[in-house]
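Notes follow the structure.
The values are calculated or read from the model by the stated rules, or taken from the named source; none is laboratory data. Since the structure is predicted, the reported quantities are computational estimates derived from the model, not experimental observations. Cβ: placed from backbone, ideal geometry, glycine included. Neighbour counts: every protein chain shown.
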Amino acid sequence: MLDTFRDGMEIINSSQGNANERKASVEQAAQGLGLEDITKDSYSNLTAVTNAQAVYIRAKNKIREYGEQMKTEAGHIETLGNELQTLDENISAMVNKYFG
């Protein structure tokens, strides 16, 4: 009974250990979603157009990265949920076996 509980605690602890790394990667992906200064030079607005295009491309890439990070995190949450459900079922089976 204790072995199953220890296995479950290892799963939870290892997930906590990786959470900060995953949080940092999500924050990094979201960093580029802020405001960006788009200005023209004193001769024409071509600089502003070029800057706007570059900002648009960077924003699309950052949004894609952020979306990928969210999908990865959703997968981690689903995996942890499945592991916890299995742990719960194992503990319930042991309790029923020994005390039921």
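Some notes on this structure:
- Subset of region 39-77 (residues that are over 16 Å from ALA24 (Cα atoms) and either within 12 Å of the chain's Cα centre (by Cα) or not in a helix (DSSP H, G or I) (or both)): THR39, LYS40, ASP41, SER42, TYR43, SER44, ASN45, GLY75, ILE77
- Some residue of region 83-91 being more than 18 Å from the chain's Cα centre (by Cα), of a type outside the set (Ser, Thr, Tyr), under 30 Å from ALA24 (Cβ atoms) and surrounded by fewer than 12 Cβ atoms within 10 Å (Cβ to Cβ): yes
- Cβ pairs under 6 Å, 6+ apart, first in region 33-50 and exposed (fewer than 13 other Cβ atoms within 10 Å of the Cβ), second polar (S, T, N, Q) and modelled with pLDDT of 75 or more: ASP41/THR47
- First in region 64-87 and on the phi < 0 side of the Ramachandran plot, second anywhere and acidic (Asp, Glu), Cβ under 8 Å, 6 or more apart: LEU87/ASP7
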